[in-house]
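Here's the structure we're looking at; comments come further down.
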Amino acid sequence: MTTNGAGAAGRDAEKIWSALDGLRIEVPSWGFANTGTRFGKFVQGGAATTIEEKFSDASQVNALTGASPSIALHVLWDLPGGVKDVPAIQALEKQYGVRAGSINPNLFQDLDYKFGSIANPSSEVRGRALAHLLDCVEIGRELGSHDVSIWIADGSNYPGTQSVRRRIEWMEEVLGATHAALGPEQRMLVEYKPFEPAFYHTDIADWGMALELARRAGPKAKVLVDTGHHYQGTNIEQIVAWLLHLGALGGFHFNDRKYADDDLTLGSIDPYQVFRIFHEIVSAKAEERAGIAFMIDQSHNLKGKMEAMVQTLVTAQELYAKASLIDQERLAELQQACKLVEAEECFRSAFWQDVRPVVREWRVARGLPGEPLKALAESGYVEKVTRERASKNASGVSSYA
Ligand code: PSV
Ligand code: MN
C-alpha cells in the first residue's frame, strides 16, 4: 500500500502518513537514567549518568523513530548549576541535534520540602520554591524552551494536620508569581496526581484543581495530563475532551498503569484507552490541537531504557495512526442519529485495523528504519554504551526512585 494507491486503502495510507508527519513526542531525560523502586534498584550498566549521555540516548531514539526531536530536562538533575548550565545544554543541542524541551522544576527533593514546597506553611520555604520556579522560567527563556512543567509533590499524610484551604491560597500566590515571570513565548503546565508521595491529601490532586490553579495563575498556564495519575476506572479521554473544550489542555505525560503511577510503557496495559485519548485529539479543531505538548514520563526499572523508549514511541505512532483512520464525518452522523452499534463499529474498526505495514512504509519513505526496535538491536548502540558507561554506573543511581 502506498499513499498514491487507489481507493480506500490509498486514502487510509494518506491519513496515516499525514498523522505521523505531524506527531512529535518529547522524551524525558530521567527515562534514560537509573532509577528503582524503594525496595530495590537494578542498575543498568548502559543507563545514562550525565546530561551528555542523556542527549546521546535521546538523539538515538529520534534517529530510530523520527518522532522525538526534544528532550525534557529536570533542573536539579540536568542543570545542577541552574542558568549557568545553559551554554552547556546549548552545546549538546547542537552536537546531538536534539532540542531542550520542557523544563521540569524539582520541588520535592530538598529536605526543606518535608512539609511541602509551594504549599508549605513556612513563607521562607515557599520563597525558596518560588525562587527555584523563577530560575526554571529563566532557564526556559534562555534555552528558547516553550514549557515549564510543574508537578507538585505537596500534601499531607494525616487528617487535620494541615489546612487544605490555606495551602490553596499559598499555591495561588506562588503560581501567580511564576506566571508573571513567563516570557511571551513561554507557558506553564500544571500537572496533577491523586496520591504519592502524600497519602492523605495531595495539594493538586485532580484536573479540576489543576485547572482552577492554572486559570487563576493566568492565560499562559494550562493543565498537563499524566496518564498514570488517575484512579482506577477514571475516564481520561473525557477529561481530555473537557480540557480541549475549555482551551486548557497544555499537554500529556504518556505512560501506562495497572494500579497507580506505575510508569509502564504506553499502551502496554490498555492500548484502547490511548486510542480513545488520541481520538479526542484528532477530532479536535486545529486551533485546539495546536498547543498540545506530547511528552513521555516513564522511568523503567526492569526493561532496557532505550528499548522501552523506542517501544513507547512506536506504540504511540501506531495508535495515533489508528485514531487518524476514524471516519469522523460518518461517526458524527451516526452519533447524531443515535445509531449506537454502527457508531461503535465505525469507531472500533479503526482500532482493529493493522496499520503496521503503512507505518513501516512511512518510516522507510522518511529515511527511517522500517522496524525501529530491530534496528536498535542491530545497531549495537546499547552494547556500546554499556561498555563505555559500565564502570561509571556501578554506583550511579539517580536519587529519583
Ligand atoms: C512523579 O510522579 C513524576 O513522575 C511526575 O509525573 C512528574 O511529571 C515527574 O515525576 C517529573 O518530575
Ligand atoms: Mn508526569
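What number of residues in segment 1-39 are assigned to a helix (DSSP H, G or I) and open to solvent by 20 Å² or more (accessible area, probe 1.4 Å)? Reasoning before the result, please.
Let us first name the residues in segment 1-39 that are assigned to a helix (DSSP H, G or I), namely 7-21, 29-32.
Subsequent filtering for residues that are open to solvent by 20 Å² or more (accessible area, probe 1.4 Å) retains 7-9, 11-12, 14-15, 17-18, 21.
Here the count works out to 10.
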Quiz item: For segment 250-269, which residues satisfy the criterion of being open to solvent by less than 50 Å² (accessible area, probe 1.4 Å) and more than 16 Å from ligand 1 (Cβ to nearest atom)?
Solution: 267
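Give segment 267-306 a look and list any residue that's in a helix (DSSP H, G or I), away from ligand 2 (no atom under 16 Å from the Cβ) and aliphatic (A, V, I, L, M), or say none.
First, the residues of segment 267-306 that are in a helix (DSSP H, G or I): 271-282, 286-289, 305-306.
Filter again for away from ligand 2 (no atom under 16 Å from the Cβ), leaving 271-273, 275-276, 278-282, 286-289, 305-306.
281, 282, 286, 306 - these are the residues of segment 267-306 that are in a helix (DSSP H, G or I), away from ligand 2 (no atom under 16 Å from the Cβ) and aliphatic (A, V, I, L, M).
Take the conditions under 23 Å from residue 251 (Cβ atoms), free of Cβ contacts under 8 Å to residues at least 60 places away in the same chain and open to solvent by less than 30 Å² (accessible area, probe 1.4 Å) and apply them to residue 296. Does it pass?
Working: under 23 Å from residue 251 (Cβ atoms): yes; free of Cβ contacts under 8 Å to residues at least 60 places away in the same chain: no; open to solvent by less than 30 Å² (accessible area, probe 1.4 Å): yes.
Here the answer is no, as residue 296 does not meet what is asked.
Would you confirm, using the coordinates I've provided, whether residue 231 is surrounded by fewer than 21 Cβ atoms within 10 Å (Cβ to Cβ), within 21 Å of residue 300 (Cβ to Cβ), within 16 Å of ligand 1 (Cβ to nearest atom) and among the aromatic types (Phe, Trp, Tyr)? Show your work before the answer.
Details: surrounded by fewer than 21 Cβ atoms within 10 Å (Cβ to Cβ): yes; within 21 Å of residue 300 (Cβ to Cβ): no; within 16 Å of ligand 1 (Cβ to nearest atom): yes; among the aromatic types (Phe, Trp, Tyr): yes.
Considered against the rule, which asks whether it is surrounded by fewer than 21 Cβ atoms within 10 Å (Cβ to Cβ), within 21 Å of residue 300 (Cβ to Cβ), within 16 Å of ligand 1 (Cβ to nearest atom) and among the aromatic types (Phe, Trp, Tyr), residue 231 comes out as no.
Restricted to segment 63-105, and to residues that are outside any helix (DSSP H, G or I) and touching a Lys or Arg at 6+ places or on another chain (Cβ under 9 Å), which residue is farthest from ligand 1 (Cβ to nearest atom)? Quick ask: steps written out before the conclusion?
At the first step, the residues of segment 63-105 found to be outside any helix (DSSP H, G or I) are 66-74, 79-81, 97-105.
Checking the rest, the ones that are also touching a Lys or Arg at 6+ places or on another chain (Cβ under 9 Å) come to 66-71, 73.
Details: 66: 25, 67: 20, 68: 17, 69: 20, 70: 16, 71: 13, 73: 11 Å.
Checking each candidate, the answer is 66.
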Quiz item: Counting only residues that are within 16 Å of ligand 1 (Cβ to nearest atom) and either of a type in the set (Gly, Ala, Ser) or part of a loop (DSSP other than H, G, I, E, B) (or both), how many does segment 149-201 have?
Solution: 14
Practice problem: Tell me, yes or no, whether segment 40-61 has at least one residue that is within 19 Å of the chain's Cα centre (by Cα), within 16 Å of ligand 2 (Cβ to nearest atom) and assigned to a helix (DSSP H, G or I). | Solution: no
Self-check item: Of the criteria (1) surrounded by 21 or more Cβ atoms within 10 Å (Cβ to Cβ); (2) within 16 Å of ligand 1 (Cβ to nearest atom), which one residue 60 fails
Solution: (2)
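The values are calculated or read from the model by the stated rules, or taken from the named source; none is laboratory data. Worth saying up front: this structure is predicted, and the values here are computed from it rather than measured. All Cβ positions, even for glycine, are placed from backbone atoms using ideal geometry, and neighbour counts span all protein chains on display. Side chains included, ligands, DNA and RNA excluded: accessible areas come from the protein's heavy atoms. Shrake-Rupley method; radii C 1.70, N 1.55, O 1.52, S 1.80 Å.
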